[in-house]
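Accompanying notes for the structure given below.
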Amino acid sequence: MRRYSRFFCLSLHPDCILFVMIMKKKVLVTLAVAIAATVQTHSQIRVNQVGMYPNQEKIAVVEGSGSTLTIVDNATGKSVAKAKAVRTSVSPWSKKKRSIVDFSSLAKPGTYTLRSGKHTAIVTIGESALRKVATATLKAFYLTRSGIAIDKRYGGDYARPCGHPDTLVCIHSSAVSPGRPEGAVISSPGGWYDAGDYNKYIVNSAFSIGVMLCSYEQNKEFYDGLSTNIPESSNSTADLLDELYYNLRWMLTMQDPYDGGVYHKLTTPNFEAFVMPADCHQQRYVVQKSTAATLDFAAVMAQAARIYQGNTDYPDFAQQAARAALAAYGWAVRNPKVYYRQAAMNGQYKPAINTGEYGDGGLSDEWFWAATELLLLTTDKTFAEVAANNRPQRFSPPTWGNVAALGIYEAVTRSTPLTAQLSPLLLSHCDSLLATMPTSSFHTSCGNAPRDYGWGCLAETFGANGMTMLYAYSMTGDKRYLAAAQHNADYVLGRNATGYCYITGFGNRSPQHPHHRLSEADGIAAPYPGLLIGGPNPAQQDIAEVKAYPSKQPDESYSDVMPSYASNEIAINWNASILALLAGVEAHSR
């Protein structure tokens, strides 16, 4: 709540403000009705708010049944087409009726207004429709770098001084080894801030980089031509690989040189307040080695060693990464069941650590991914045996807690001993999702069951499954898979139950108050751009802080307020997944 003299401004809605003026013992309430009415008019037509391709299947969803759209060319002011509802959907939980309107015949590049009664929405059609938003989701990683000043030449309004240099990081009592006693100081600079907080976690960093390296191999031409205006943009390496190298270089410092094990995270004992990095002063620690972190590290270092081989900007990195991957794998073989369990650790070691856990009780997916990547790097058949012994029996979209899909992606795009067994798993998964589209409320292959919504669902349901659809398309050439990926992007960009474009800085209604310390503390009204928020989460784990959500419906349980870490936080793994989807759609749709 912001205070202006005797006026109090309470945010009820991003576009509707309730003003309260206290006058002695009386309270005068004035509601901005006109603004609210405008928002309601626009919000009844749900459509991709960023851009669509000329030859893309184009769908708008209108609240209510039997709707018809009149399409007006904004350049001429003339009506150019009409589109009728092809079907009416009924939400399986809210029972709301919605019209599914197909306007795919509109293929001429331009900006148009969709009208349905008094309701309107703007759509843009053109080549490279998602290039800008894909670029922004990658640039967001630069803006959230740790241990470096963000220069105004590259960060614009989001320039800031260096915070968390991490050159004096302590060995936590849980992380002691023969060469590193408790309290020993190491240097571990660089990397990205993980999410809304300022800590750095190996499990999530490795997963995020793995997703983006897979996307790079699938869409190399697109990324090689993409400039994000970062300090490294003038070199000969793709900006994506430059950005990933910044975090990979930090990850190398998280490996104990005495035994090859990898610390689970670099963290403060408690989350920092909502202040800028330069104003943070808690001591930072590297905390306990874990098998999950070490295997994830081994996997992504092996993957990076292969992809960066021959890179002239980082000539020594590939060999260094390969050595680190093998050393980490060796530690995991010797320590196969070291789980990171924070509560138990805090009962034994001090100081207590109360930041993100990233705990994982099942490691077969980590063994599978690490063995697959090391097999591709070394061709050593020992890794083929480990991969076979840990191969998944069904496909699940990639998340930090289940990384097996990253190994499957590698297998289906090249010849490995498991390719013939794994390819059907991926295609069967995609086909099961496609089967839900005919009755979908928003004409998507995802989001059609309550279980599709929850913590990080926009990335882990829509982004990850959309990325998987692009693999299915590459494998088969079946355009249904490409269309499904495009529709998942449409959902994230505005064709959804709340009418939000869920990426900051894009669309006509995007999150303004993410749970993100940098965005909250920098004194700038607009949040950092290019950040995907978690999305609708009916579990509402933060209800004590948020107090009330606009809705309890699975796809509407979203609150654009800073305290809502359950629905409105950001995270590098989520940005990685949405980047992979947007970049892949852009690369395949041109």
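The values are calculated or read from the model by the stated rules, or taken from the named source; none is laboratory data. Only a predicted model underlies this, so the values are computations on that prediction, with no experimental measurement involved. Cβ coordinates were reconstructed from backbone atoms using ideal geometry, including for glycine residues, and neighbour counts include every protein chain displayed. Please note that ligands, DNA and RNA were not included when accessible areas were found on the heavy atoms of the full protein model with its side chains. Shrake-Rupley method; radii C 1.70, N 1.55, O 1.52, S 1.80 Å.
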From the set of residues in region 93-117 that are closer than 26 Å to S551 by Cα, of a type in the set (K, R) and touching a strand residue (DSSP E or B) at 6+ places or on another chain (Cβ under 6 Å), which is least open to solvent (accessible area, probe 1.4 Å)? R98
Among the residues of region 484-504, the number that are in contact with a helix residue (DSSP H, G or I) (Cβ under 7 Å, 6 or more places away or on another chain) and closer than 19 Å to K96 by Cβ is 2
Going by what's in this entry, would V133 be described as under 23 Å from V62 (Cα atoms) and either open to solvent by less than 20 Å² (accessible area, probe 1.4 Å) or touching a residue at least 60 places away in the same chain (Cβ under 8 Å) (or both)? no
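Which of the residues spanning region 264-291 are part of a loop (DSSP other than H, G, I, E, B), open to solvent by 40 Å² or more (accessible area, probe 1.4 Å) and of a type in the set (G, A, S)? Outline the logic, then answer.
If we filter region 264-291 for residues that are part of a loop (DSSP other than H, G, I, E, B), which is where we start, we get 268-276, 280-284, 290.
Now drop any that are not open to solvent by 40 Å² or more (accessible area, probe 1.4 Å), which leaves 270-271, 273-275, 281-283.
If the condition is that a residue be part of a loop (DSSP other than H, G, I, E, B), open to solvent by 40 Å² or more (accessible area, probe 1.4 Å) and of a type in the set (G, A, S), then A273 is the only one that fits.
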Filter result (polar (S, T, N, Q) and more than 24 Å from G210 (Cα to Cα)) within region 326-379: Q342, N346, Q348, N354
Quick check on region 319-335. Is at least one of its residues touching a residue at least 24 places away in the same chain (Cβ under 8 Å) and among the charged types (D, E, K, R)? no
State all residues of region 317-332 that are among the aromatic types (F, W, Y) and open to solvent by 20 Å² or more (accessible area, probe 1.4 Å); if no residue qualifies, say none. Y329
Using the structure shown, decide if P351 is within 26 Å of F383 (Cβ to Cβ), over 24 Å from the mean Cα position of the chain (by Cα) and either modelled with pLDDT under 95 or not hydrophobic (A, V, I, L, M, F, W, C) (or both). no
Inside region 292-336, the number of residues satisfying the requirement of being assigned to a loop (DSSP other than H, G, I, E, B) and among the polar types (S, T, N, Q) is 4
Here the residues within region 541-568 that are outside any helix (DSSP H, G or I), over 26 Å from S91 (Cβ atoms) and in contact (Cβ under 8 Å) with a residue 60 or more places away in the chain are M562
Which condition number does R3 fail, the rest of (1) at pLDDT 90 or above; (2) in contact with a Cys (Cβ under 9 Å, 6 or more places away or on another chain); (3) charged (D, E, K, R) being met? (1)
Give the number of residues within region 227-238 that are among the acidic types (D, E) and either surrounded by 22 or more Cβ atoms within 10 Å (Cβ to Cβ) or in contact with a Leu (Cβ under 6 Å, 6 or more places away or on another chain) (or both). 0
Among the numbered criteria (1) assigned to a helix (DSSP H, G or I); (2) surrounded by fewer than 16 Cβ atoms within 10 Å (Cβ to Cβ); (3) free of Cβ contacts under 8 Å to residues at least 40 places away in the same chain, which single criterion is violated by G155? (2)
Restricted to region 178-226, and to residues that are buried (at least 24 other Cβ atoms within 10 Å of the Cβ) and of a type in the set (F, W, Y), which residue is farthest from F297 (Cα to Cα)? Y198
Which residue pairs have Cβ atoms under 9 Å apart, sit 6 or more places apart or on different chains, and have a first residue in region 433-449 that is farther than 19 Å from R394 by Cβ and in contact (Cβ under 8 Å) with a residue 12 or more places away in the chain and a second that is of a type in the set (F, W, Y) and in a helix (DSSP H, G or I)? F442/Y491; H443/Y491; T444/F462; T444/Y491; G447/F462; G447/Y491
Considering only region 388-398, I want to know if a residue exists there that is open to solvent by less than 50 Å² (accessible area, probe 1.4 Å) and farther than 20 Å from N465 by Cα. yes
Search result, residues across region 239-261 that are out of contact with any Gly (no Cβ under 8 Å at 6 or more places or on another chain), within 14 Å of I209 (Cβ to Cβ) and either crowded, with 22+ Cβ neighbours inside 10 Å or free of Cβ contacts under 8 Å to residues at least 24 places away in the same chain (or both): L240, L241, E243, L244, L248, M254
Output the residues belonging to region 334-347 that are surrounded by 15 or more Cβ atoms within 10 Å (Cβ to Cβ) and over 27 Å from the mean Cα position of the chain (by Cα). N335, V338, M345, N346
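Got a sec? Which of S104, S99, S79 is modelled with pLDDT of 95 or more and assigned to a loop (DSSP other than H, G, I, E, B)?
Just a single option satisfies the conditions, and that option is S104.
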Here are L493, L518, L482: which of them is of a type in the set (A, V, I, L, M) and closer than 23 Å to G356 by Cβ? L518
Check region 159-173 and report whether any residue there is open to solvent by 30 Å² or more (accessible area, probe 1.4 Å) and not in a loop (DSSP other than H, G, I, E, B). no
Quick one: which of F383, F368, F395 is under 24 Å from the mean Cα position of the chain (by Cα) and over 25 Å from K265 (Cβ atoms)? F395
Being in contact (Cβ under 8 Å) with a residue 60 or more places away in the chain, among the charged types (D, E, K, R), farther than 23 Å from S423 by Cβ and buried (at least 24 other Cβ atoms within 10 Å of the Cβ), is that true of even one residue in region 482-492? yes
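Please determine whether any residue of region 436-444 is open to solvent by 20 Å² or more (accessible area, probe 1.4 Å), within 12 Å of Y491 (Cα to Cα) and in contact with a His (Cβ under 9 Å, 6 or more places away or on another chain).
Checked against the condition, which is being open to solvent by 20 Å² or more (accessible area, probe 1.4 Å), within 12 Å of Y491 (Cα to Cα) and in contact with a His (Cβ under 9 Å, 6 or more places away or on another chain), region 436-444 yields at least one hit.
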If I ask for residues that are part of a helix (DSSP H, G or I), open to solvent by less than 40 Å² (accessible area, probe 1.4 Å) and of a type in the set (G, A, S), which ones from region 352-387 would you list? A370, A371, A384, A387
Going by the structure shown, is S128 assigned to a loop (DSSP other than H, G, I, E, B) and out of contact with any Leu (no Cβ under 6 Å at 6 or more places or on another chain)? yes
Out of V47, V86, V90, I need the residue that is touching an Asp or Glu at 6+ places or on another chain (Cβ under 8 Å) and either without any contact (Cβ under 8 Å) to a residue 40 or more places away in the chain or open to solvent by 70 Å² or more (accessible area, probe 1.4 Å) (or both). Which one? V86
